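What follows is calculated from the coordinates using simple rules that are stated; it is not laboratory data. Every value quoted in this text rests on a predicted model; they were computed, and no experiment measured them. In this analysis, Cβ positions are derived from the backbone assuming ideal geometry, glycine residues included, and neighbour counts consider all displayed protein chains.
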Amino acid sequence: MAQSESEAESGPDATPSTARPVVVAVGNQPADSALEYAAQQALREGCGLHLIHVLHPGPTGPESALLDYTEVDQVGHDLLQAAVERAGDLLGGRAPLTSALLRGPVVSTLLEATEGTARAVVMQRRDVSRVIRSVTRSISSGVASHAHVPVVSVPAGWSEAAVERNHGRPVVTVGVDVPGRCAPVVATAAAEARSRDGSLHVLHTWWFPSVYDDVITSRVENAAWADRAREEIQAVVAGLGDAVRGVPVEIEARHAHPADALLDAGRESTLLVVGRHDPLVPFGSHLGPVARAVLRDAGCPVLLANPTDAHGIRRRHHHSTSDTTTPESMVMF
């Protein structure tokens, strides 16, 4: 069970907002980009911002005698306080700001603290070497793999204002694996585009594994496949009604590796949105290989939408791209 060391509140009201807050997981390094993203989301959606730093309990063997826990606690307090001050500057008193210093295993403590109470969990991805990243990734991937709330990964150095200066109107790109099952993730992306007064780019790609791609795609009518996919996605978009009304939508379907296509699109996007799926077993991961690649390497923030059921039995239709031979585009994101 996680233990709470301290909690503070600031902002226009002395009591927490009734709306679920945006939560920022504050690590051991400055999180300016994550704080900027989260503060903007809180202001757009009229909710509070809640910052959490987790103190890992550390070793429990004889080596624990070498640690000065008072000093460790002070470092945690200082890291959280610095983040609170930065968040306060970004919010300018326009939204409630709260914070908590918790103690426990980092991933499970964050999951417990945000389950059912957070609007989203925002984490900053450090731009580090692959060796260091393999260690730090376990925290962000662990939260993203098992959280039942949306998770956003923001690369260090990212700034929404800089993106808009360079590219103009915000573009939210959403990756679609199976066109016939894309309604939840497209609706999530449309809401993000609307909140930014931006446009929505729906991207579907297909790719057969390894050397077989050239052989198989030489027999498959790529243009026909793209047309069918666009028709299916267009039908889904039309069925969303008010969720997409007024949001400019571009639908793109083409033959390409899904992760590479999303990473390319991310260079011109304000946000990438990728779906997650409920695993077959309770302790399984929500993330597939495409989501992991995008989470690791995207140059813009990545929103991992709420998990959805990917294992239900569906009625098959002869002309549906969702039911034809399954290339890598159908691998769970």
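Between A162 and N28, the modelled labels are 2.5 nm apart [label points 7 Å from Cα along Cα→Cβ].
Backbone geometry of the stretch 168-178 corresponds, through the Karplus equation with coefficients 6.51, -1.76 and 1.60 at θ = phi - 60°, to 3J(HN,Hα) couplings of x, 4, x, 10, 9, 9, 10, x, 10, 8, 10 Hz, x marking Gly and Pro.
Take the Cα of R245, step 7 Å toward its Cβ, do the same at E71, and the gap between the two points is 6.2 nm. With θ taken as phi - 60° and the Karplus curve 6.51 cos²θ - 1.76 cosθ + 1.60 applied, the whole-hertz 3J(HN,Hα) list for the stretch 97-108 is 10, 10, 8, 8, 9, 10, 10, x, x, 4, 5, 5 Hz, x standing for glycine and proline. Across the stretch 163-209, the relative contact order, built from alpha-carbon pairs under 8 Å that are at least six residues apart, equals 48 percent. Could you list which residues have their amide H under 5 Å from that of L97, counting only those 5 or more apart in sequence or on another chain, with H placed in the peptide plane? Counting only residues 5 or more places away or on other chains, the set is S10, G11, L49. Taking amide H as placed 1.01 Å from N in the peptide plane, the amide H of V249 sits under 5 Å from that of L200, each at least 5 places away or on another chain.
Distant-in-sequence amide contacts of V122, defined by a placed amide H-H separation under 5 Å and a gap of 5 or more residues or a different chain, comprise V23, V24, A25, V152.
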